[in-house]
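Q: Before I ask anything, let me first share the structure, which is written out below as structure tokens.
The values are calculated or read from the model by the stated rules, or taken from the named source; none is laboratory data. None of the values given here were measured: they were computed from a predicted structure. In this analysis, Cβ positions are derived from the backbone assuming ideal geometry, glycine residues included, and neighbour counts consider all displayed protein chains.
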Amino acid sequence: MDEQHIQARLIALLRQDNIRLWLEPYTTDTGDPELHNIQELAVKYAPVTGFPVQDVMSTLEIIRSDSSRKDEGNKEFKETSVASLELHLPREGEKKKRKEHLKTKLDITTQELKNRISEEFKFKHFNLILSGKKLSPGMRLDEQNVKNNSKVMVLNVTSDEVKNVMLEEEEKKRSQDEGVQRTQKGFQILSERDGSEDPTNTPFLEIADQKGNPLQIPNDERKALILAMGFHEKGRSLMKKRDHSAALCHLLLADEQFNKCNSALLNTVDNYAVLQLDVVWCFQALEQLDCLNDARQRLSRAEECFQRCYGEQQSRLRLIKGQTGGEDVLFLRLYLLQSVLAYHDGNKNQASYKLKEVERLFGQLFLDPDKIAQLVGLGFSDQDARLGLRACRGDLSEAVLHITQRKKEKKEMKEREREKRRRRLQDINTLVELNFSKRDAARALHQARGDVDKAYNILLDGAEAQTQSSDRQTKLDQLVSYGFQLDVADSALRLMGDDLELATQMLLDHQGVVPPDLLSPSPPSSSSEEPSTSSSSDNTVSASSPLDEELVNEALEDIPRHEEDYLDLTLDEEQELMKFIRSRLDKQPTSSG
């Protein structure tokens, strides 16, 4: 980080003095450095930056060399269309992260570029990230805004992320994205299970406001939100294990899904802002802030979203929840990351200002172990104790009242939901008595938002749809009569678009089973403009298949039970980073800029 800090300071000084290091008198006609002139600059700038002359001189040479290389690269690109990419490779053990340059045409696919990187640098499982977005393997580089001099991050994917240890040739074919695909499919299934068909089920994931009250959201946006929240929770789970590389893969996919939602909706819940913080946190943990230009924009979006969601001075949040202490951990992380970016950009004064805010909040949020022990002694969990104390800014008696009140409110909310489902069952039974199926009645009620009369009209108007459903059941019965299992027959029909002849032929060709590769979750297509939650019938597995349940259970493993789990930070990592930035700031004299 010191290297980026001093580079940013020196670049600002060079611009201020209108000095171009890649030209004379600092670079010769042959491209070699004029060391004497560079040394004179180093002597001039060392007192201003607070770094030793030798460090300043070596950094000036790095800047000069990079500038000369870019100048030559720009000329080459104009003449030959061969671009130069700046690759930021992951650290290996204690070694510093590496920066390499790779020349390539931009009309090749990402996969072709990955093959070259794999061959030259011996990486096996990795993703390529440009401006915070994963490059899609099947698309061309120029179609994804890759340009000459683009900075591309090589993000390692650990073997732990590759789910269900496969045979070697299958692993080559499917790549490390299997784990991410399984997560996506699991939450895709969950997004379809909203209780519309079985009113006895509560939703697996629910979108709620800061108080926990469910929000009414259009179905398509709800599906995208559930996928986004699912990827986010998976990423947060990996962050807790400090597996920031694998976490970032999931967080960027969550970001894609959030961006499919209406902006007005994102202003209502704070999930999107928290995600932006988490993405940048992973960037800094992987020491890749220098090649990700959107880190600052993400923090700005997070701050704006918090302000809209919580209100000025958190007034809206106080109105909804009655207190605001718990959310302070988010602002601590926001200000800390802003301090890191300011230091990274060479702006020491701004870094120092933000760090003082962080230290102030840390003093408020640091918890007294004795108070936690007392709350645990009263029967509360460690997490409830931490969240309660922070919500009440360390006041023990208020924390007891707060935790008790929250538990009471959650119990009342569950009772209201239970009563709502009971009434819904009654309404469904009323429609069933009118000779409609239970499943159709439940769907109609869901569509009519609980209005029995409207649901009845929907069912009457759906005669044609009923006929089609009956036709499908006939085809299903036909396949079962041939000796195929019911769930296999259902999957085959779905995959073949309800074409009985094609479904029969496929099952005969594969000895009565659906080929596993057709049932595997398909990777999201970054070129598609349709939400990946709106899966068509040709890649949907039957709702009752064992594979579905396995994927769902995997997806639910990382969903926290407490709705405020995202506020329950230990602040250990934050404290480490605080101390690091403080040590760097205290080491140098104060200067403007």
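Q: Pick from the range 472-488 the residues that are part of a helix (DSSP H, G or I), of a type outside the set (D, E, K, R) and more than 42 Å from the chain's Cα centre (by Cα): which of them is farthest from D498 (Cα to Cα)?
A: That would be S481.
Q: Tally time: how many residues in the range 498-514 are farther than 21 Å from R439 by Cβ and part of a loop (DSSP other than H, G, I, E, B)?
A: 6
Q: Quick one: would you say S136 is among the hydroxyl-bearing types (S, T, Y) and either at pLDDT below 85 or in contact with a Cys (Cβ under 6 Å, 6 or more places away or on another chain) (or both)?
A: It is false that S136 is among the hydroxyl-bearing types (S, T, Y) and either at pLDDT below 85 or in contact with a Cys (Cβ under 6 Å, 6 or more places away or on another chain) (or both).
Q: Let me ask another. So which residues in the range 375-423 are in a loop (DSSP other than H, G, I, E, B) and under 15 Å from L365 (Cα atoms), if there are any at all? Steps first, answer last, please.
A: Initial filter on the range 375-423 (in a loop (DSSP other than H, G, I, E, B)): 378-381, 392-395.
Correct list: C392, R393, G394, D395.
Q: How about the range 104-163: which of its residues are β-branched (V, I, T), part of a loop (DSSP other than H, G, I, E, B) and more than 21 Å from the chain's Cα centre (by Cα)?
A: Within the range 104-163, I108, V146 meet the criteria.
Q: For the range 424-465, give me each residue that is assigned to a helix (DSSP H, G or I) and among the basic types (K, R).
A: R424, K438, R439, R443, K454
Q: While we're here: Go over the candidates R308, R316, R298 one by one and state the one that is among the basic types (K, R), in a helix (DSSP H, G or I) and at pLDDT below 80.
A: Working: R308 fails: at pLDDT below 80; R298 fails: at pLDDT below 80.
Answer to the selection: R316.
Q: Can I ask one more? Please determine, by comparing only the residues of the range 353-374 that are assigned to a helix (DSSP H, G or I) and among the acidic types (D, E), which one is farthest from R584 (Cα to Cα). Reasoning before the result, please.
A: Here is the first cut: in the range 353-374, the ones assigned to a helix (DSSP H, G or I) are 353-365, 369-374.
Those still in the list that are among the acidic types (D, E) too: 357, 359, 370.
Numbers: E357: 17, E359: 15, D370: 33 Å.
For the range 353-374, the residue satisfying everything is D370.
Q: Let me ask something else. Which pairs have Cβ atoms under 7 Å, sit 6 or more apart or on different chains, and link a residue in the range 411-429 that is surrounded by 11 or more Cβ atoms within 10 Å (Cβ to Cβ) to one that is part of a helix (DSSP H, G or I) and modelled with pLDDT of 80 or more?
A: That search, which allows pairs on different chains as well, returns R424/L445; D427/L445; D427/V452; I428/K438; I428/A441; I428/A442; I428/L445.
Every residue, every condition in (1) within 18 Å of Q314 (Cβ to Cβ); (2) touching a Lys or Arg at 6+ places or on another chain (Cβ under 6 Å); (3) crowded, with 22+ Cβ neighbours inside 10 Å, yes or no:
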| site | (1), (2), (3) |
| --- | --- |
| S339 | no, yes, yes |
| D345 | no, no, no |
| Y353 | no, no, no |
| E357 | yes, no, no |
| Q364 | yes, no, no |
| V376 | no, no, no |
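Q: Assuming T59 fulfils every condition listed in (1) touching a residue at least 40 places away in the same chain (Cβ under 8 Å); (2) at positive phi apart from one, which condition is it?
A: Condition (2) is where T59 drops out.
Q: Look at P90 and say whether it is over 26 Å from F123 (Cα atoms), surrounded by 15 or more Cβ atoms within 10 Å (Cβ to Cβ) and modelled with pLDDT under 85.
A: no
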